[in-house]
Amino acid sequence: MSASYLEASARNRILGLLDPDTFVEFLGPTARVTSPHLPGLDMPVAFDDGVAVGEGKISGRTVLIAAQEGRFMGGAVGEVHGAKLTGLLERALDIKPAAVLLLLDTGGVRLQEANAGLIAVGEIQRAVLAARHAGIPVIALIGGRNGCYGGTSIAARSCDWIIGSEEGRLSISGPEVIETVEGAEEFDSQDRALVWRTMGLKHRRLLGEIDRVVGDDIAAFRNAAQEYFGKSRPLTLEALETQHEFLAKRLERFHDCRDAREIWSRLGVNEPARVPDLDPDQFENLAGTIAVQRP
C-alpha cells in the first residue's frame, strides 16, 4: 500500500512521486540558504526555508517539482521560500519539462515577512503564468494538513490543473480569519464539517475549481498527475473572458445558497448529506456527471 500523502514530509512526498533515485534537489539544506528576516525576530530558521525544489522523472519523463514543508511555520511563504519556487518555475522555460508539479501545503504568506512574502507570491504567480504561456503545464497538488490558503491559493488557481485529496482545502481566507472578521455566527471555525463542506476539495471539485479528487496516498497523486503531462489550458484573453463568464454564471446560480449542501442539491445530488462519506472513486463517478465544468 502506498504511503499517506497527508502524513508524509515534503521530501517524502517528492520521493514517492518521482522515479527512484532521480531527484536532484536545488538549494537543499546543505546550502543553508535561510530567511534573512527571522533571526532578527529571534525566530528559528530552516536550512531550506520550508520548501524543497528540484528536478526528477516520473515514468521516465522529466519534471520540475516543489514541495512545501507544512511542519515549518505552516508552510508559509517568505522571501527565500518564494524565490525558490519562482526560480524553479523560471527554470521550466529553459528545460521544457513534461510538467511542473507544485505540492502546496500552506497557510499563505509568512506574517513575519509580510511585505517580502506578498511580493514573493506575486512573483510566483507571474512565473506560473509565464510557464503556462510557454506551453508547460503547471499542476498543483493539495493534500496536506495546512490546506492551501492566502496568496498561495491564488497561485494554485492560476495553475493549469489542480489535483487534491478530500483531506485538502483551498480558500483565499482561512476559517479562523473569517470568524475573526465576521464572527462565529457567520462562520464557526470549530465546526470542522462546515469547514470541509465549504473549503474542502470535494466541494471545490463540484464547483469546477479543481480537476480531480484522489485518495490519500502518494501513488494516487502520481497516477493522476501523469494524465496532465504535456497538456496545457489556453492562456489567452478569450480564455480569461470565458473564465469571468463562468464565474458570473456560477454566482447567479448559487448566490442565495447558505451552505454547500444546498449547492450540491441544486447541482442535482439526490442525497447531498452523503457527499462527505463517498470514497474517491464513488465521488469522482458522481462529479463526472454533475460537477460544474471548469473552462
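A few notes on this one:
- Residue in segment 224-235 that is under 17 Å from Trp161 (Cα atoms), of a type in the set (Ser, Thr, Tyr) and surrounded by 15 or more Cβ atoms within 10 Å (Cβ to Cβ) present: yes
- Unmet criterion (only one of (1) buried (at least 19 other Cβ atoms within 10 Å of the Cβ); (2) part of a helix (DSSP H, G or I); (3) touching a Lys or Arg at 6+ places or on another chain (Cβ under 9 Å)) for Ala239: (1)
- Residue within segment 7-16 that is farther than 23 Å from Cys148 by Cα and part of a helix (DSSP H, G or I) present: no
- Options Arg132, Arg61: the member that is closer than 20 Å to Leu240 by Cα, basic (Lys, Arg) and either modelled with pLDDT of 95 or more or out of contact with any Lys or Arg (no Cβ under 7 Å at 6 or more places or on another chain) (or both): Arg132
- The condition of being part of a helix (DSSP H, G or I), closer than 17 Å to Phe23 by Cα and in contact (Cβ under 8 Å) with a residue 40 or more places away in the chain holds for only one of Leu102, Leu89, Leu129, Leu93, that being Leu89.
- Answer residue from segment 178-193, given it is of a type in the set (A, V, I, L, M) and free of Cβ contacts under 8 Å to residues at least 24 places away in the same chain and is surrounded by the most Cβ atoms within 10 Å (Cβ to Cβ) among those: Ile178
- Condition met for Thr152 (within 26 Å of Val24 (Cβ to Cβ), modelled with pLDDT of 95 or more and touching a strand residue (DSSP E or B) at 6+ places or on another chain (Cβ under 6 Å)): yes
- Segment 57-78, residues that are buried (at least 17 other Cβ atoms within 10 Å of the Cβ) and on the phi > 0 side of the Ramachandran plot: Met73, Gly74, Gly75
- Top-ranked residue in segment 132-154 [being among the hydrophobic types (A, V, I, L, M, F, W, C) and in contact with a Cys (Cβ under 9 Å, 6 or more places away or on another chain); ranked as surrounded by the fewest Cβ atoms within 10 Å (Cβ to Cβ)]: Ile139
- Evaluation of Asn115 against the conditions (1) within 21 Å of Ala8 (Cα to Cα); (2) in a helix (DSSP H, G or I) shows that the sole unmet condition is (1).
- Residue in segment 24-41 that is in contact (Cβ under 8 Å) with a residue 60 or more places away in the chain, in a strand (DSSP E or B), touching a strand residue (DSSP E or B) at 6+ places or on another chain (Cβ under 7 Å) and surrounded by fewer than 23 Cβ atoms within 10 Å (Cβ to Cβ) present: yes
- Residue in segment 164-177 that is surrounded by the fewest Cβ atoms within 10 Å (Cβ to Cβ), counting only those that are over 19 Å from Ile124 (Cα atoms) and in contact (Cβ under 8 Å) with a residue 40 or more places away in the chain: Glu167
- Residues in segment 213-243 that are free of Cβ contacts under 8 Å to residues at least 12 places away in the same chain and aliphatic (A, V, I, L, M): Leu237, Leu240.
- Helices (runs of 4 or more DSSP H) lying entirely in segment 144-227 (those with 2 or more residues that are farther than 21 Å from Phe72 by Cα and over 15 Å from the mean Cα position of the chain (by Cα)): 175-182, 192-199, 218-226
- Test set (1) assigned to a loop (DSSP other than H, G, I, E, B); (2) over 20 Å from Ala140 (Cα atoms); (3) without any contact (Cβ under 8 Å) to a residue 12 or more places away in the chain - Val269 fails condition number: (3)
- Candidates are the residues of segment 105-126 that are touching a Ser or Thr at 6+ places or on another chain (Cβ under 6 Å) and buried (at least 24 other Cβ atoms within 10 Å of the Cβ); the one that is nearest to Leu6 (Cα to Cα) is Thr106.
The values are calculated or read from the model by the stated rules, or taken from the named source; none is laboratory data. Here the structure is a predicted model, which is why all the values come from computation and not from measurement. Positions of Cβ are backbone-derived with ideal geometry, glycine not excepted, and every protein chain shown enters the neighbour counts.
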